[in-house]
Amino acid sequence: MQILLGQTLTFTDDPFRVPPADALRHERRGAVAIEDGKIVAVGPAEAVRTAHPAAPVTDHGDALISPGFVDAHVHYPQTAIIASWGKRLIDWLNLYTFPEEARFGNPDHAAKIATRYFDLTLANGTTTAVSYCTIHPESVDAYFSAAQRRGLRALGGKTCMDTNAPDNLSDSAQSAYDDSKALLEKWHGVDRLGYVITPRFAPTSTRAQLEALGRLWSEHPEVLMQTHLSEQHEEIAWVAELFPEAEDYVDVYDRFGLLGEGALMGHAIHLSPRERDRLREAGASLIHCPTSNTFIGSGLFDMDGLMRAGHRIGLATDTGGGSSFSMLRTMAAAYEVAQLRGTPLHPAQLWWLATAGSAHALRLGDTIGTLAPGFEADLAVVDLASTPAIAQRAARAETLWEAVFPTIMMGDDRAISATYVAGRKV
Ligand code: GUN
Ligand code: ZN
């Protein structure tokens, strides 16, 4: 047993459904008690300390103890090519992404980048990521091995592509099925690791491959499935050309059993009314990647409309299409995108998206993303005065959210004063 002291912030409800003030619990002087990697108590500091008088105490002072951030869509193999100057999605994939991903058949390279990736995410307070790997099983082994060594809850899968990709980055329908199945059996449920079936997106899979991966998912409904959907107009037009028999982009996945609860649809920006209805009816999660959507020039995700319609939505960096490893930077971008649509987000909604919201999108809403007894003790300790510019603004704050918002808008890894993984400071 150990006790952490600081301001504590967590959600008791969804701030998109109830007023933000009714959706959260904040203690100005709070405590989190942790035992065996799980949270056992959260409350006012004095009450928690009195209940557990023998527990050692770590005092984080004025810093905010939050659930660790949950990044619902990343490409760890793109770590080294983040912030590559370029044009549109397809050019960016061909020019930077595919040449770098081709290197991940080399286990040493994969291990080096996986280690670097988790160093960066932990420094940013991100305690769970959902990653695309490359077509190489070695890239999946490197990712899960690196996460396992650190005791992380991490999800990911082999990216499958059997058409419209370079030869050295192509598998086949059969090998995608066989490799994905073997990796799923090897890693899913080991420690805190979870496998995710991963067709990259419709343009890089044949019908046979989509069918094979849909079959694998039907055989293993306990795992998640991730792919990209309707990120750019050129991509959507290409999908219409490649799959003329499908009603629309969503229907391509639907036809092959790749739509349902546990489907993580990255981007989902340009959707028709029919596609929105079908995604909601199927219970798929939509993953908003705002720094990527502005960086690659993809478009403005309709957070307000989709939330009102009842969609389940997570938040993600999409590194290296995204331009930051920080979920704080990602919250800022989500705020700015919403502003450009004329539908501002409350800071409580942004923080919820980066923690409990993303956890719910991954079907892990009862496991991570919330400070409450029984949840895993993955935590980010956030300094709300991490730079002179932030500190001088926060000093004027009269409310919790006035104190937090400068860190959302201007914060980065300097704001993360500690990260805890299963109760262990890393
Ligand atoms: N669509 C297909 N692959 C990718 C990728 O790696 N990044 C982004 N942003 N979009 C994609
Ligand atoms: Zn992506």
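The values are calculated or read from the model by the stated rules, or taken from the named source; none is laboratory data. Quantities reported herein were computed from a predicted structural model and do not represent experimental measurements. With ideal geometry, Cβ positions are generated from the backbone for all residues, glycine too; neighbour counts draw on all protein chains shown. Surface accessibility is based on the protein's heavy atoms, side chains included, excluding ligands, DNA and RNA. Shrake-Rupley method; radii C 1.70, N 1.55, O 1.52, S 1.80 Å.
Odds and ends about this structure:
- Hits in the range 213-239 - residues which are farther than 21 Å from Phe301 by Cα, open to solvent by 50 Å² or more (accessible area, probe 1.4 Å) and in a helix (DSSP H, G or I): Arg215, Ser218, Glu219
- The set of residues from the range 250-278 being open to solvent by 10 Å² or more (accessible area, probe 1.4 Å) and within 16 Å of ligand 2 (Cβ to nearest atom) comprises Ile269, His270.
- Qualifying residue in the range 132-148 (condition: in contact (Cβ under 8 Å) with a residue 12 or more places away in the chain, in a strand (DSSP E or B) and within 16 Å of ligand 2 (Cβ to nearest atom)): yes
- Neighbours by Cβ (under 8 Å, 6+ apart or cross-chain): first from the range 390-413, of a type in the set (Lys, Arg); second buried (at least 21 other Cβ atoms within 10 Å of the Cβ): Arg393/Pro406
- Across the range 279-300, the qualifying residues are those that are more than 16 Å from ligand 1 (Cβ to nearest atom) and crowded, with 24+ Cβ neighbours inside 10 Å, and the one among them that is nearest to the chain's Cα centre (by Cα) is Ser285.
- Selection count, the range 301-323, where residues are open to solvent by less than 20 Å² (accessible area, probe 1.4 Å) and within 16 Å of ligand 2 (Cβ to nearest atom): 11
- Top-ranked residue in the range 314-362 [being within 16 Å of ligand 1 (Cβ to nearest atom) and among the hydroxyl-bearing types (Ser, Thr, Tyr); ranked as nearest to Ala114 (Cα to Cα)]: Thr319
- In summary, strands (runs of 3 or more DSSP E) completely within the range 1-77 and bearing 1 or more residues that are more than 30 Å from Phe201 (Cα to Cα) occur at 2-11, 24-35, 38-44, 57-67.
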